[in-house]
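Okay, structure first, notes after.
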Amino acid sequence: MTNYTKKAVRGTIMLMINSSLASVFSYLLRLLLARTLSIEEFGLYYAVFTFLSFFMFFRSFGLDSALVKYIAEFEVKKEYNKIKTAIASALLFQLVSSIIFIGILFFLSNFLAATYFKNPMASSLMKILILYVPFSMLYLFLMDILQGFQRIKVLSFVNPVLKFLFLLLTFIFFKLNYNIFSPALALVIGSGLMFLLLIPFASKSFNFFKYKITNFKFITKKLFLFGLPVVMVTFGGIIISYVDTLLLIYFRTMTEVGIYNVALPTATIFLFLAGGLSTVLFPMASELWARKEKQKLSDGITLLYKYSFLLLIPFMLSVFSFAKLFIRILFGQEFVSGALSLQILLIGTLFYIVATINNTIISGIGKPKVVTKTILFAAGANFVLNLILIPFFGIEGAAFATTLSYLFVLIVSTIKLKQFIKLQSPWKSWCYTFICGAIFVGVINILKRVLVMNEWLELILAVTISVSVYILLIFVFKLVDLKEIKKYAKLI
């Protein structure tokens with residue numbers, strides 16, 4: 001196997017392990033909030049945080065993704081002055097946009113609290129959380145530099161450390177009786193600390209002061225030409241991710257917002273896989289495309305297509321089958337009404353993981369406009385569907401709208417990627433995989449009716465038997481073979 005494939009596999013495994021740890025800390029934080037705050041306070045915090053997150057894309061202009069791409073490209077060509085210029089340009093524009101963004105939100109905070117959130121406490125929450133905007137921009141900026149230089153080992157540790165900081169600081173602030181303001185203060189202080197921690201790693205990756213800023217206008221234009229279409233992709237992705245919560249805030253109650261913000265992150269916790277793969281794939285796809293090594297890229301994509309669904313389905317469908325149990329045990333009985341929306345969102349998340357891989361590669365090979373069109377169309381459909389379904393069906397309507405949008409992105413991105421890179425068609429393999437998944441759920445449901453025992457023993461036994469059946473089926477359908485598994489196992 002090529003060094004690129006080894007690099008991708010090893011880098012991805014490292015990121016997956018650490019991303020899993022980060023997801024655990026993030027989920028523990030949400031559990032801490034759900035168990036400490038009232039359901040209305042829980043809903044209010046995530047209402048304000050979601051609103052802020054929705055508009056934070058304005059600060060970047062897509063320069064974050066552009067910086068990753070061009071650092072990787074300029075390093076191949078040893079054009080270090082251009083790397084310094086790109087870094088300086090991206091930092092300047094993101095700092096200015098962050099300051100403007102903070103000013104606007106601070107000025108509007110009282111108005112939004114009264115007319116949109118309908119809770120005066122929202123104003124104070126927003127005034128604290130807007131400080132998260134510049135600090136998060138700074139640490140993410142350093143992460144972009146590290147990603148561009150493909151410092152995967154360092155990047156793999158950032159998220160778990162950051163999420164642990166958020167969890168620890170939130171716990172401390174709760175003990176100090178800051179109540180609903182505790183997680184907001186933790187975000188601000190934690191992101192500032194992460195920026196300070198990353199400075200020496202970024203400095204080691206690139207000696208900024210050794211090189212000169214040259215052709216600032218030309219490089220800036222280059223960054224914006226790549227970045228602006230990415231902004232639209234980000235905007236579309238944020239609409240798909242957040243518009244359901246934003247419309248729930250307007251049409252429904254803070255209690256429903258709170259319940260939905262248990263279901264949504266429980267489903268999307270699996271997106272850490274897509275995030276980890278994207279971190280490795282984006283600069284690598286850019287480099288391979290620049291070197292015209294399309295066959296290596298095609299081989300890697302085929303491998304991801306084959307195994308992404310196969311590996312994810314048992315985990316996600318186990319949560320699907322025991323949704324009420326998981327929510328009740330982890331968050332409490334008052335959140336159990338979110339079980340159906342969780343099940344719907346799990347299916348959508350499964351689609352979106354592979355769709356994200358597709359879109360990362362398409363952007364990495366320099367075709368972000370294709371991704372832009374796909375995401376924007378899906379986002380528009382998502383907004384309309386949410387607008388129609390939420391007033392009548394509440395959180396289940398929001399979940400269904402999001403899942404349909406994710407499915408659309410998967411189908412279109414797969415078709416588009418095949419137009420640029422010669423790939424084996426994945427549809428047949430995916431159909432067989434989903435048949436195996438359906439049988440997996442069927443076996444669990446049968447066992448749930450037959451078995452009468454402690455609910456956790458029932459879960460363990462049912463999942464163990466169903467996974468055994470699933471593994472047998474994927475060999476029956478010839479979705480994998482032992483020689484292939486041994487071949488790729490050597491890369492680890």
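The values are calculated or read from the model by the stated rules, or taken from the named source; none is laboratory data. None of the values given here were measured: they were computed from a predicted structure. Methodologically, a virtual Cβ is constructed for each residue, glycine included, from the backbone with ideal geometry; neighbour enumeration extends over all protein chains shown. Just so you know, the surface numbers come from the protein's heavy atoms only, side chains and all, with ligands and any DNA or RNA stripped out. Shrake-Rupley method; radii C 1.70, N 1.55, O 1.52, S 1.80 Å.
Do any residues in segment 325-338 that are free of Cβ contacts under 8 Å to residues at least 24 places away in the same chain and open to solvent by 20 Å² or more (accessible area, probe 1.4 Å) have Cβ atoms under 7 Å from those of residues that are charged (D, E, K, R) and assigned to a helix (DSSP H, G or I), where the two are at least six apart or on different chains, and which pairs are they? As it stands, the answer is V336/K324; V336/R328, since those pairs meet every condition given. If the condition is being open to solvent by 10 Å² or more (accessible area, probe 1.4 Å) and part of a helix (DSSP H, G or I), then segment 407-424 contributes L407, F408, I411, V412, I415, K416, K418, Q419, F420.
Residue by residue, here is whether (1) in a helix (DSSP H, G or I); (2) farther than 15 Å from F55 by Cβ; (3) among the β-branched types (V, I, T); (4) within 23 Å of the chain's Cα centre (by Cα) holds:
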site: I83; (1), (2), (3), (4): yes, yes, yes, no
site: L108; (1), (2), (3), (4): yes, no, no, no
site: K118; (1), (2), (3), (4): no, yes, no, no
site: M143; (1), (2), (3), (4): yes, yes, no, yes
site: F166; (1), (2), (3), (4): yes, yes, no, yes
site: T170; (1), (2), (3), (4): yes, yes, yes, yes
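In segment 86-108, the residues that are under 14 Å from M56 (Cβ atoms) form Cβ pairs under 8 Å with partners that are among the basic types (K, R) and open to solvent by 10 Å² or more (accessible area, probe 1.4 Å), at six or more places apart or across chains, as follows: Q94/R59; S97/R59; S98/R59; F101/R59. The one condition from (1) part of a helix (DSSP H, G or I); (2) surrounded by fewer than 20 Cβ atoms within 10 Å (Cβ to Cβ); (3) more than 27 Å from the chain's Cα centre (by Cα) that V452 does not meet is (1).
Only residues that are among the basic types (K, R) and in a loop (DSSP other than H, G, I, E, B) were counted across segment 359-382, and they come to 1.
Please pick out the residue among E73, E40, E79 that is under 24 Å from G258 (Cα atoms), among the acidic types (D, E) and open to solvent by 10 Å² or more (accessible area, probe 1.4 Å).
Working: E73 fails: under 24 Å from G258 (Cα atoms); E79 fails: under 24 Å from G258 (Cα atoms).
It is E40.
Candidates in segment 225-262 are the residues that are open to solvent by 40 Å² or more (accessible area, probe 1.4 Å) and hydrophobic (A, V, I, L, M, F, W, C); of these, the one that is modelled with the lowest pLDDT is M232.
Conditions tested, residue by residue: (1) in contact with a Phe, Trp or Tyr (Cβ under 8 Å, 6 or more places away or on another chain); (2) without any contact (Cβ under 8 Å) to a residue 60 or more places away in the chain; (3) surrounded by 14 or more Cβ atoms within 10 Å (Cβ to Cβ).
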residue	(1), (2), (3)
V371	no, no, yes
L376	yes, no, yes
A381	yes, yes, yes
G397	no, yes, yes
G442	no, yes, no
I465	no, yes, yes
L472	no, yes, no
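Selection within segment 172-218: residues that are outside any helix (DSSP H, G or I) and within 25 Å of I87 (Cα to Cα). The member of this set that is nearest to the chain's Cα centre (by Cα) is F206.
Can we say K428 is open to solvent by 10 Å² or more (accessible area, probe 1.4 Å), over 20 Å from G62 (Cβ atoms) and in a helix (DSSP H, G or I)?
Values: open to solvent by 10 Å² or more (accessible area, probe 1.4 Å): yes; over 20 Å from G62 (Cβ atoms): yes; in a helix (DSSP H, G or I): yes.
So K428 passes the test.
I want to confirm something. Restricting to segment 263-315 and keeping residues that are aromatic (F, W, Y) and more than 19 Å from the chain's Cα centre (by Cα), which single residue is modelled with the highest pLDDT?
Of all residues in segment 263-315, those aromatic (F, W, Y) come to 270, 272, 282, 289, 305, 307, 309, 315.
Filter once more, so that each one left must be more than 19 Å from the chain's Cα centre (by Cα): 289, 307.
Values: W289: 71, Y307: 74.
Out of the qualifying residues, it is Y307.
Among residues of segment 124-145 that are open to solvent by 40 Å² or more (accessible area, probe 1.4 Å), those with a beta-carbon under 6 Å from a residue that is small (G, A, S) at least six positions away or on a different chain give the pairs K127/S109; F135/S191; F135/G192.
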